[in-house]
Amino acid sequence: MSTSPQSYKAELVGVFGYPVAENPTVVMQEAGFRALGLNWRYLTIEVRPEQLADAVRGLRAMNFAGINLTIPHKVAVIQHLDGLSPEAELIGAVNTVVREGDRLIGHNTDGKGFLRSVREDAGVDPRGKRVVFLGAGGAARAMSVELALAGAAHITIVNRTASRGQELVALLNERTQAMAEFVPWQGAYTVPAEADILVNATPIGLFPDVEAMPAVDMASIRPGLLVCDVIPNPPRTAFLRAAEARGARTLDGLGMLVYQGAIAFQMWTGVEAPIDVMRKALEEAFAG
Ligand code: NDP
C-alpha cells in the first residue's frame, strides 16, 4: 500500500473484459479508494481473447496488484496463472487475481459476495437450507458451490439446457457435502413447498429488458421463502416485485455485486472495504 505523501506511484488494479465499456466496477472501487485516501487506480481495460496471455504478462511487467476478469476471460485466464484458491479450482472460473510476491493467484469472489449478502443483508444462515437455482451458468456455479461449502443441505438446479445443469449437479454431489438434483426447466417452474431460498441466476430481467421474468409459477411462491435475484441493474427486478406481492422476502443482486467487489478490494489492499460508500457509488451509476 502506498500511503506516503512523498510517493507519486499508484498501485494498479482493474478489469480485463471484451467488451468492457459498460462494466460499472470502476465506479465503486475508485469511490472506495478515495474514501480511504488510498493511492490506488482501477482501470477498465479491453482485452481481446487472443491477447489475454500478453495482457497477463503485462500485469506482471507493470507490477499490478491484481485484476478482475469478466466475460469472456473467467475460464481462459486460469492457464496463465501460478495458482488457484480451492474455491476457484472447484468453480472452474476466476474473477479476481491477486499478486502474492511474484505469483499471480486466481480467486472467485462472485459466490462469496452472494453468500455475504444472504448472511448480512437478508440475515439468513444457509446451513441446513434447501436452495433452488434457476440457471446453471457461471454465476449459478459460483453461488451454488459457496452455499454448499457454507452448509446448505439440498440444492436444486433448474436449467433449460440439461447437460449444463447435470454437470453442475455432478460437481456439487461429488465435491461438496450438499445433496444436489437437476430439474429440467420446461414451462413455468413450481417451487417445492419445502424450499427455503430461490435464486434467479439467469440474465432474464436485466436492463434494458426490465419487464422480463423467469418462468416460475408465482402461485408456488409463499411467505417465508427468500427470493434472490443476481441482476444488479435494475436492483428491484420485475421478478422480485412479483415475489414481494406474494409475501416472500427478497434480496437483490446489487448486494452481491458490492460484496464481491469489496472482497476483492480487501484482498488487494489488505484494508477493509467501505461497503456503504461503494454501494452508494454503484446506485448512483445505475440511476444515472
Ligand atoms: P451465463 O451465460 O454463464 O449463464 C446464463 C444462465 O441463464 C444459463 O443457465 C442459461 O441457460 C440461463 N438462461 C439465459 N437465458 C435464458 C432464458 N431465456 N430462459 C431460460 N434460461 C436462460 O451467465 P452468468 O451466469 O455469468 O450470468 C447470469 C447473470 O448473473 C447475468 O445477468 C449477470 O449480470 C449476473 N451476475 C451478477 C453478479 C452480481 O454480482 N450481482 C455477478 C455475476 C453475474 P442455458 O444453460 O440453457 O443457456
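The values are calculated or read from the model by the stated rules, or taken from the named source; none is laboratory data. Note that this is a predicted model, so its numbers are computed, not measured. In this analysis, Cβ positions are derived from the backbone assuming ideal geometry, glycine residues included, and neighbour counts consider all displayed protein chains. The protein model used for the area step is the full one, side chains on, heavy atoms only, and it has no ligands, DNA or RNA in it. Shrake-Rupley method; radii C 1.70, N 1.55, O 1.52, S 1.80 Å.
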**OP:** Quote the relative contact order of segment 161-288 in percent (integer), defining contacts as alpha-carbon pairs under 8 Å separated by 6+ residues.
**Re:** 17 percent
Original post:
For residue 61 and residue 186, what is the calculated FRET efficiency with R₀ set at 45 Å and r taken between the beta-carbons, to the nearest 0.05?
Top reply: 0.30
**OP:** At 7 Å along the Cα-to-beta-carbon direction for both residue 179 and residue 210, put a label point, then send me their distance in nm to one decimal.
**Re:** 4.2 nm
Subject >> Leading residue at positive end of dipole, segment 111-252 (Cβ point charges), from 239, 214, 150 >> reply: 150
**OP:** Select from 187, 261, 253 the residue whose mean-square fluctuation is largest in a Gaussian network model of the chain (Cα-Cα springs shorter than 10 Å).
**Re:** 187
Original post:
Taking every DSSP beta bridge that has both residues in the chain, what percent is antiparallel when rounded to the nearest 5?
Top reply: 20 percent
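Excluding residue 175 itself, calculate the net charge of residues whose Cβ lies under 14 Å from the Cβ of residue 175, where each Lys or Arg counts +1 and each Asp or Glu counts -1.
The answer is -4.
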Original post:
So what's the projected area for segment 85-150, the Cα convex hull averaged over all directions, in nm²?
Top reply: 4.9 nm²
**OP:** Would you calculate a helix-derived [θ] at 222 nm for the chain, using -39,500 (n - 2.57) for each DSSP H run of n ≥ 4 and dividing by the full residue count, to the nearest 500?
**Re:** -11000 deg cm²/dmol
Original post:
Ignoring the sites themselves, what is the longest stretch of the chain with no trypsin sites (Lys or Arg not before Pro) in a DSSP loop and at most 13 other beta-carbon atoms within 10 Å?
Top reply: 128-288
Original post:
If one computes the Cα centroid of segment 147-224 and of segment 33-106, what distance in Å separates the two points?
Top reply: 29 Å
**OP:** Calculate, for segment 111-252, the solvent-accessible area per residue in square angstrom, rolling a 1.4 angstrom probe over the heavy atoms of the protein chains.
**Re:** 43 Å²
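Determine the dipole magnitude for the chain: charges of +1 sit on the beta-carbon of Lys and Arg, -1 on that of Asp and Glu, nothing else is charged, the reference point is the Cα centre, and the result goes in debye to the nearest 20. Before the final figure, lay out the partial values.
Values: 26 positive and 31 negative charges, 27 e Å.
Dipole size: approximately 140 debye.
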Original post:
Stokes-Einstein D for the chain at 10 °C, 1.306 mPa s, Kirkwood Rh over Cα pairs, in µm²/s?
Top reply: 81 µm²/s
Original post:
Roughly how many debye, to the nearest 20, is the charge dipole of segment 111-252 about its Cα centre, given +1 on each Lys and Arg Cβ, -1 on each Asp and Glu Cβ, and no other charges?
Top reply: 160 debye
Original post:
Given C-alpha coordinates of segment 111-252, what is the ratio Rg to Rh with the Kirkwood estimate of Rh?
Top reply: 0.92
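Take the alpha carbon gyration tensor of segment 155-204, find the square roots of its eigenvalues, order them as a ≥ b ≥ c, and report rounded if a/c is under 1.5; if not, report prolate when a/b exceeds b/c, else oblate.
Working: a/c = 1.86, a/b = 1.24, b/c = 1.50.
Here segment 155-204 falls in the oblate category.
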Original post:
Projected onto the charge dipole of segment 129-288 (+1 at Lys/Arg Cβ, -1 at Asp/Glu Cβ, origin at the Cα centre), which of 161, 203, 184 gives the Cα projection farthest towards the positive end?
Top reply: 184
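Out of the total accessible area of segment 111-252 (probe 1.4 Å, heavy atoms of protein only), what percent is carbon and sulfur?
51 percent
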Original post:
With point charges of +1 on the Cβ of Lys and Arg and -1 on the Cβ of Asp and Glu, referenced to the Cα centre of segment 62-170, which listed residue (66, 91, 123) lies farthest in the positive direction of the dipole?
Top reply: 123
Original post:
Once phi is turned into θ = phi - 60°, what whole-Hz ³J(HN,Hα) does the Karplus curve with 6.51, -1.76 and 1.60 give for every residue of segment 167-179, x standing for Gly and Pro?
Top reply: 5, 5, 4, 4, 4, 5, 5, 7, 10, 10, 7, 6, 8
**OP:** Enumerate the calculated ³J(HN,Hα) couplings along segment 130-142 in order (Karplus 6.51 cos²θ - 1.76 cosθ + 1.60, θ = phi - 60°), each rounded to whole Hz, writing x wherever the residue is Gly or Pro.
**Re:** 9, 10, 10, 10, 8, x, 9, x, x, 5, 4, 4, 5
Original post:
Among 211, 100, 50, which one shows the biggest mean-square fluctuation in a GNM of the chain, springs joining Cα atoms closer than 10 Å?
Top reply: 50
Original post:
Which of the aspartates and glutamates could a cross-linker bridge to residue 9, judged by Cα under 20 Å and excluding same-chain residues fewer than eight apart?
Top reply: 30, 100, 102
Original post:
Amide H of residue 84: which non-local residues (sequence gap of 5 or more, or other chain) have their own amide H closer than 5 Å, using H built in the peptide plane?
Top reply: 106
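Between beta-carbons, use under 12 Å as the cut-off and find the net charge around residue 14, counting Lys and Arg +1, Asp and Glu -1.
-2
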